[in-house]
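The values are calculated or read from the model by the stated rules, or taken from the named source; none is laboratory data. Given the structure is predicted, the values throughout are model-derived calculations rather than measurements. Positions of Cβ are generated from backbone atoms using ideal geometry, with glycine treated the same way; all protein chains shown enter the neighbour counts.
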């Protein structure tokens, strides 16, 4: 059985991560609504954002219900998320979609690790995280279908996004 502290870490970091995903998509949509013209990409991102908002709301409710303090880094993560989304979209569709794929690959591993640790006492939380992981895997698949690639420059971008995501996870669990 996991400690109350560990469950709180799971919820804190998942809240921060899902909120970060919403902010990345908001940044991408900001670029698509101002500087970049691509209605097809805009529609795909809007559809994926709906899932992220649902995930974020679930963890927002869990934070309140369980009286867990969110990470102190939320304002910074918000800013970095919007910046990452905006910047990746300015680089083009492949970069925008790689941003999604890279983040989702980190989240897949992160959620799977949590699912494997959660026991029957947290059945509902485990069920939600499992569903959210499935949504994230769908987003990753969509990103690759829409042109995400790790060739050339994009391999460096992938490593930067994944490293940043892992650092944010480690910080958000504790602080």
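Is one or more of the residues making up the stretch 43-55 modelled with pLDDT of 95 or more, over 17 Å from the mean Cα position of the chain (by Cα) and closer than 24 Å to residue 95 by Cα? Yes, the stretch 43-55 has at least one match. Residue 108 satisfies every condition listed in (1) under 13 Å from residue 19 (Cα atoms); (2) surrounded by 15 or more Cβ atoms within 10 Å (Cβ to Cβ) except (1). Among the conditions (1) within 30 Å of residue 41 (Cβ to Cβ); (2) surrounded by 21 or more Cβ atoms within 10 Å (Cβ to Cβ); (3) in contact (Cβ under 8 Å) with a residue 60 or more places away in the chain, the only one that residue 73 does not satisfy is (2). For the stretch 28-47, the condition of being in contact with a helix residue (DSSP H, G or I) (Cβ under 7 Å, 6 or more places away or on another chain), surrounded by 14 or more Cβ atoms within 10 Å (Cβ to Cβ), free of Cβ contacts under 8 Å to residues at least 40 places away in the same chain and over 20 Å from residue 154 (Cα atoms) holds for at least one residue. Scanning the stretch 140-158 for residues that are farther than 14 Å from residue 88 by Cβ and assigned to a helix (DSSP H, G or I) gives 140, 141, 142, 144, 145, 155. Got at least one residue in the stretch 129-144 being crowded, with 17+ Cβ neighbours inside 10 Å, within 19 Å of residue 1 (Cα to Cα) and either within 15 Å of the chain's Cα centre (by Cα) or modelled with pLDDT under 95 (or both)? Yes.
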